[in-house]
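K.L.:
Got a structure here, written out as structure tokens. Questions coming.
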Amino acid sequence: MADILPFIGTRYNSQLIGNLSCVLAPPYDVISPELQDELYARHENNVVRLILGKEEAGDDNFSNKYVRAANTLKAWRSDGILIEDEKPGIYCYEQEFKMPTGEIKRRRGFFALVKLEDYTSGNIRAHEQTFAGPKADRLKLLRATHANLSPIFVIFNDANNEVMTMVSERMADKPWEEVTDDDGVIHRLWVVQKKDFLLRLREAMQSRQLFIADGHHRYETAVNFRNEMREATGRRDGNQPFDYMMMYLTNAEQDGLVILPTHRVLSRSFLADVNLKEAVAELKEHFDIKDDKVDLGQPDTDGRKLLAMVEKLGQKNMTFGMVTADGKVKYLTLKKGVSPLDLVDDDELQDPVKRLDVTVLHHYILNYVFVGNPEFELDEDECFYVRDVKRVFDLLKSRKAGLAFIMNATPMEQVMEIVKAGLKMPHKSTYFHPKIISGLVIRNMDCETKKPAAGKR
């Protein structure tokens with residue numbers, strides 16, 4: 001089902017750059033304006049200039065951040081800052097990272113091209129809803145650069161470890177690149193160009209169904225770009241560069257595949273018309289409530305304590321940690337015998353989606369109890385989606401927000417159940433950790449249709 005191919009990777013010339021940590025970046029959608037400024041200042045060749053360029057005064061249809069990204073990509077190739085590998089290959093990739101508990105984990109996978117398919121085929125499945133704005137943004141960048149600047153993240157079932165045994169064997173040697181990012185994650189890359197291995201890997205992957213973990217907007221953008229190019233060129237044989245996309249592939253059955261929670265932090269403007277005391281009284285009908293308190297100035301200690309308690313209570317039943325701006329905490333645990341299906345009254349949602357913590361939070365706690373309107377939708381400035389509990393504490397302490405809900409992670413079993421059923425999860429339901437770093441390897445479609453403009457390895 002999964003049609004994969006090797007490709008000619010475009011990579012930073014480490015002999016010119018030195019330590020690659022100064023030119024790599026997180027995925028575009030987790031880069032804040034502050035981090036964007038920091039990455040710009042860190043190095044003149046940081047990949048942020050490609051994946052998330054700055055807007056400038058006087059930008060128009062002929063001069064804008066997308067055009068600048070394309071021109072920058074060409075210039076860096078011409079100057080030898082970015083160079084192409086000599087032969088097509090796949091790129092084995094390992095991330096070594098520390099969990100909030102201090103436990104060290106490793107996740108292994110590989111970069112390859114994957115043939116794009118419409119969701120209707122069932123071979124590539126999604127689990128998150130997408131939005132028009134991000135897709136329009138990424139399409140403009142793809143049109144300008146003709147490059148996959150960041151891979152999307154997909155998972156596949158490999159219960160017998162057939163594929164990952166093959167991949168892990170190629171990681172026995174010293175990695176071609178090793179770099180540590182700002183979060184302490186170690187990224188290691190191996191380039192594999194042996195034809196017999198590439199053929200065996202491609203054959204082993206043909207029976208796999210792929211599930212998009214991260215990068216839904218970019219995947220759908222690539223499909224839209226493929227359709228545009230088919231219309232423009234008349235080439236519909238399925239073997240053109242635009243028929244494929246660079247992806248990171250990893251197996252679902254491994255300890256290193258980690259999902260972290262995304263917490264919800266509500267603005268003070270949203271809470272202006274909410275009677276919190278009355279809301280808590282109503283929640284007592286279906287939730288057991290336990291009071292506690294945290295010091296918002298001690299995120300390392302009290303933040304960990306808060307996360308641990310939410311996780312502990314959540315092992316018995318669905319649990320949220322509701323934290324106010326003065327550090328008061330109420331642990332909301334669904335009462336025994338109460339089903340999420342009883343709380344979420346929405347005929348458009350299927351039962352597996354109704355059972356999600358995020359669905360109960362948004363549809364029942366926020367919409368029904370807090371607002372009193374089942375069809376209410378949060379505006380962008382009313383809810384912050386935050387992974388780091390330290391950031392949650394900062395927002396509450398600074399009074400930039402008035403209330404937070406500390407969440408448990410969505411279990412992989414629930415994710416797979418929803419994906420296999422062809423359903424979609426609510427926005428920000430999953431956070432696969434760690435993110436795939438941008439800039440370690442780039443796929444330039446122009447290299448697949450004509451001689452590269454830069455020097456070879």
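The values are calculated or read from the model by the stated rules, or taken from the named source; none is laboratory data. Please read these numbers as outputs of a predicted model, since none were measured by experiment. Don't worry about glycine lacking a Cβ; one is built from the backbone with ideal geometry, like all the others, and counts go over all protein chains shown. With ligands, DNA and RNA removed, areas are computed over all heavy atoms of the protein, side chains included. Shrake-Rupley method; radii C 1.70, N 1.55, O 1.52, S 1.80 Å.
K.L.:
Restricting to region 291-302, what's the tally of residues that are more than 16 Å from Ser398 (Cα to Cα) and not in a strand (DSSP E or B)?
P.N.:
Final tally of qualifying residues: 3.
K.L.:
Being out of contact with any helix residue (DSSP H, G or I) (no Cβ under 9 Å at 6 or more places or on another chain) and not in a helix (DSSP H, G or I) is the filter here, so list the residues in region 340-383 that pass it.
P.N.:
Within region 340-383, Asp347, Glu348, Gly372, Glu380 qualify.
K.L.:
Within the bounds of region 197-213, is there any residue that is loosely packed, with under 14 Cβ neighbours inside 10 Å, in a loop (DSSP other than H, G, I, E, B) and not β-branched (Val, Ile, Thr)?
P.N.:
Checking region 197-213: at least one residue is loosely packed, with under 14 Cβ neighbours inside 10 Å, in a loop (DSSP other than H, G, I, E, B) and not β-branched (Val, Ile, Thr).
K.L.:
Among Val323, Val338, which is closer than 21 Å to Thr410 by Cβ, open to solvent by 20 Å² or more (accessible area, probe 1.4 Å), of a type in the set (A, V, I, L, M, F, W, C) and at pLDDT 95 or above? Walk me through it before giving the result.
P.N.:
Working: Val323 fails: open to solvent by 20 Å² or more (accessible area, probe 1.4 Å).
None of the others qualify; the one that does is Val338.
K.L.:
Give the number of residues within region 86-102 that are modelled with pLDDT under 95 and either within 14 Å of Ser168 (Cα to Cα) or touching a strand residue (DSSP E or B) at 6+ places or on another chain (Cβ under 7 Å) (or both).
P.N.:
Adding up the residues that qualify gives 3.
K.L.:
Can you name every residue in region 153-184 that is closer than 23 Å to Asn13 by Cα and of a type outside the set (Asp, Glu)?
P.N.:
Arg170, Met171, Lys174, Pro175, Trp176, Val179, Thr180, Gly184
K.L.:
Let me ask something additional. Does Val163 meet the test of being assigned to a helix (DSSP H, G or I), buried (at least 19 other Cβ atoms within 10 Å of the Cβ) and aliphatic (A, V, I, L, M)?
P.N.:
Against the criterion (assigned to a helix (DSSP H, G or I), buried (at least 19 other Cβ atoms within 10 Å of the Cβ) and aliphatic (A, V, I, L, M)), Val163 qualifies.
K.L.:
Sticking with this structure for a sec: Any residue at all in region 232-245 that is in a helix (DSSP H, G or I), in contact with a strand residue (DSSP E or B) (Cβ under 7 Å, 6 or more places away or on another chain) and among the hydrophobic types (A, V, I, L, M, F, W, C)?
P.N.:
no
K.L.:
If Lys135 satisfies all but one of (1) open to solvent by less than 20 Å² (accessible area, probe 1.4 Å); (2) in contact with a Ser or Thr (Cβ under 6 Å, 6 or more places away or on another chain), what's the number of the condition it fails?
P.N.:
Of the numbered conditions (1) open to solvent by less than 20 Å² (accessible area, probe 1.4 Å); (2) in contact with a Ser or Thr (Cβ under 6 Å, 6 or more places away or on another chain), the odd one out for Lys135 is (1).
K.L.:
Also, I was wondering about something else. Within the bounds of region 178-185, is there any residue that is in a loop (DSSP other than H, G, I, E, B) and more than 19 Å from Ile437 (Cβ to Cβ)?
P.N.:
No - not one qualifying residue is present in region 178-185.
K.L.:
Answer yes or no: is there a residue in region 410-431 that is outside any loop (DSSP other than H, G, I, E, B), in contact (Cβ under 8 Å) with a residue 24 or more places away in the chain, out of contact with any helix residue (DSSP H, G or I) (no Cβ under 7 Å at 6 or more places or on another chain) and closer than 30 Å to Ser21 by Cα.
P.N.:
Looking for residues that are outside any loop (DSSP other than H, G, I, E, B), in contact (Cβ under 8 Å) with a residue 24 or more places away in the chain, out of contact with any helix residue (DSSP H, G or I) (no Cβ under 7 Å at 6 or more places or on another chain) and closer than 30 Å to Ser21 by Cα, one finds at least one in region 410-431, hence yes.
K.L.:
Give region 299-351 a look and list any residue that's within 21 Å of Leu260 (Cα to Cα) and polar (S, T, N, Q), or say none.
P.N.:
The answer is Thr301, Gln315, Asn317, Thr319, Thr333.
K.L.:
Given the residues Arg304, Arg264, Arg230, Arg226, which is the only one that is charged (D, E, K, R), without any contact (Cβ under 8 Å) to a residue 60 or more places away in the chain, closer than 30 Å to Ile436 by Cβ and surrounded by 13 or more Cβ atoms within 10 Å (Cβ to Cβ)?
P.N.:
Arg230
K.L.:
Report whether or not Gly133 is under 30 Å from Glu380 (Cα atoms) and within 18 Å of the chain's Cα centre (by Cα).
P.N.:
Answer is yes for this residue.
K.L.:
Let me ask another. Just checking: which of the helices (runs of 4 or more DSSP H) contained wholly in region 14-96 hold 2 or more residues that are surrounded by 15 or more Cβ atoms within 10 Å (Cβ to Cβ)?
P.N.:
Per the criteria, 33-42, 48-51, 65-78.
K.L.:
To continue, here is another question. List, please: which pairs have Cβ atoms under 7 Å, are six or more places apart or on different chains, and start with a residue in region 367-396 that is open to solvent by less than 60 Å² (accessible area, probe 1.4 Å) and end with one that is outside any loop (DSSP other than H, G, I, E, B) and basic (Lys, Arg)?
P.N.:
These pairs meet every condition: Cys383/Arg264.
K.L.:
Would you point out the residue of region 276-294, among those that are more than 23 Å from Lys336 (Cα to Cα) and open to solvent by less than 80 Å² (accessible area, probe 1.4 Å), that is modelled with the lowest pLDDT?
P.N.:
The residue in question is Leu276.
K.L.:
Among the listed residues Thr221, Thr180, which satisfies the condition of being at pLDDT 95 or above and under 16 Å from the mean Cα position of the chain (by Cα)?
P.N.:
Only one candidate passes the filter, namely Thr221.
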